[in-house]
Every structure is written in C-alpha cells, then in structure tokens.
Amino acid sequence: MKHQTKKSLALCAAALAVAWGSNAAANRLDDIKARGTIVCGTQNASSPYGFQDPDTRKYVGYDVDVCMAIGKEMGLKVEHKPLSTEARIPEVRMDRVDMVAGSVAWMPQRAEQVDFSKQYLQGYIKVLVKGDAAISSLKDLAGKKVCASSGSSSAAIAEKVLPDAQVLTFQTISQCYLGVQSGKVEAMTAGELVLRRFLNDAEKAGTPMKLLDQPTYTEHIGIIVKKDQPELLAAVNAAIESLDKSGELTKIYDKWMGSQSIYKMTRDFAVEDVAAASKKDASK
C-alpha cells in the first residue's frame, strides 16, 4: 500500500511539473507584460541591420528600429541587447532575450530550434560582374569563374545553383572584388547589400560594374522567439502586420536600405509565413 501511495505521489508530482512547465511557457507574454519591457536582441556589428554608430556609440540599424517599433505596437518598453551573429539562436533558447530581430533567415534546421514570426525582411544572394561583361543572367555564367568568400553560404549556394560555372573561393569578399576588377574571375557572389557597396565603389572609381537581377537564393527572414510560446509569437506577428499596414515597416526599410540609404533598394517582399515562402521558392 505504501509503495502504491509513493508511486501515486510521484506520478502526481510529475504531472504537476509538466503542467507547470507548459503554463510557464504559455505565460511568457504575461510575464513580459507584467514587467512592461520586452528584451529584443539584434546583431552587434552588421550594417545596416544592427551596429554601433561611431559618433554616438549607440546601436542603430534596421533591426534595432524594428525592435523599437514592435515594442511600441505591443505597448511595451524595449530593452535592446546587441548580440554576435553566432549568439542569436542560443540567446533565445536560454531565455536571455524574449525575441531576436537579427536577420535570421528561415531554414528547416533553425525552425527545429526556435519559432519564426511572419516575414519582416527579405534578402538576396546575388552576382556582380563587370559593367561591360557579356553576362546578363545566371545561365551566362556557364564556364565562367565565379568567386565567393571561403566558407560562406554564398559559395555553397553557388556550387548548387551554378553547376556549370567554376566556383572559386578567396579568403575575403574584398579579394573577390579585386579578382573581378583584374580579370582573374568573371563574377563574384555574396549578399546583395555587400555587393551594392562594391557597386557604389566601382562607380566612384570609374570602373562600373553591374548586378544581375536574378538571385541565386532568396532569404526569408523572421523574428525568432523560443519554441512553444504561441501567445508571444501571435503578439509579435500582430505587431508586424500592424507596422506593415500603417506603412511604418516600409518607412524603416527606406531609411536603412531604400531611397534614404546608399543602397537605393525598393521593398519587394510581403509580410507572410516564412516557411511557406521558402518552400515556394524551393519548388520553382
């Protein structure tokens, strides 16, 4: 009888622990509201997403502004936490931040570790060539030397997407740029913002280059939160949708990547489910 009683108590304790854990996860948004502040992480040295302004020493950027805007929509103060690129997912999983607007692109393996909000940003991996090169599309790169920085996702993607090209890796993307300018390689591939900086530099130097329209890969980017926090995720999604409808999201985009920036890009993404958008691209 005593043995059965102990067993029953142990089962009850286990059930209560599971229930408490579930409630704790579900009540995270309530905890955030109770303290009146949401902790939002961004990258700490990635312009124009999240970086330290050299003059003011304050952290600024697209993701920083998005953090502040989401907090305002939720009626909360925002505690900003600058993070290294490698720390973005671990900080969420260890409860050191409530969410991260860190330009984290959706990937199946990442979605197993954290939950993603709807898309608030979209990025492209593209290709840059000399302005007078007889190259206007990805198919024209067949048989050509294409450079990427060693160990980059751009290099791995190029190997898959450009099987008929000769993909070479240099230690830095700047070396790839010099390689294109000197004729050692015909093209270079990297994130579009990085390539647009080189595009601007080439224009100023009088050695114009051109960016191919077709990307080698499209990154669908969402805010990340700890898994199994449906109320928090829903609140973040509602805030992003509200910012989109009001035009505030486009305003922030134009400030850092659009008409008011050196990049002069046009926002061409919708606020939508990142997983569905990624799978749609993969099926093309």
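The number of residues in segment 122-152 that are within 19 Å of Ala282 (Cβ to Cβ) and either part of a strand (DSSP E or B) or without any contact (Cβ under 8 Å) to a residue 40 or more places away in the chain (or both) comes to 5.
Identify all residues within segment 214-234 that are farther than 30 Å from Leu138 by Cα, touching an Asp or Glu at 6+ places or on another chain (Cβ under 9 Å), outside any strand (DSSP E or B) and not charged (D, E, K, R); write none if there are none. Correct list: Gln229, Pro230, Leu232, Leu233.
Before we move on, is Ser152 outside the structural domain of Leu233 (by TED's automatic domain parsing), buried (at least 16 other Cβ atoms within 10 Å of the Cβ) and under 17 Å from the mean Cα position of the chain (by Cα)? Yes; evaluated as a whole, the condition is true for this residue. Across segment 251-284, the qualifying residues are those that are over 21 Å from Val64 (Cα atoms) and in contact with a helix residue (DSSP H, G or I) (Cβ under 9 Å, 6 or more places away or on another chain), and the one among them that is modelled with the highest pLDDT is Ala275. Filtering segment 83-113 to residues that are aliphatic (A, V, I, L, M), over 15 Å from Val39 (Cβ atoms) and in a strand (DSSP E or B) leaves Val104, Ala105.
The values are calculated or read from the model by the stated rules, or taken from the named source; none is laboratory data. For clarity, every value in this text was computed on a predicted model and none was experimentally measured. Cβ sites come from the backbone with ideal geometry, for glycine too, and all protein chains shown count toward neighbours.
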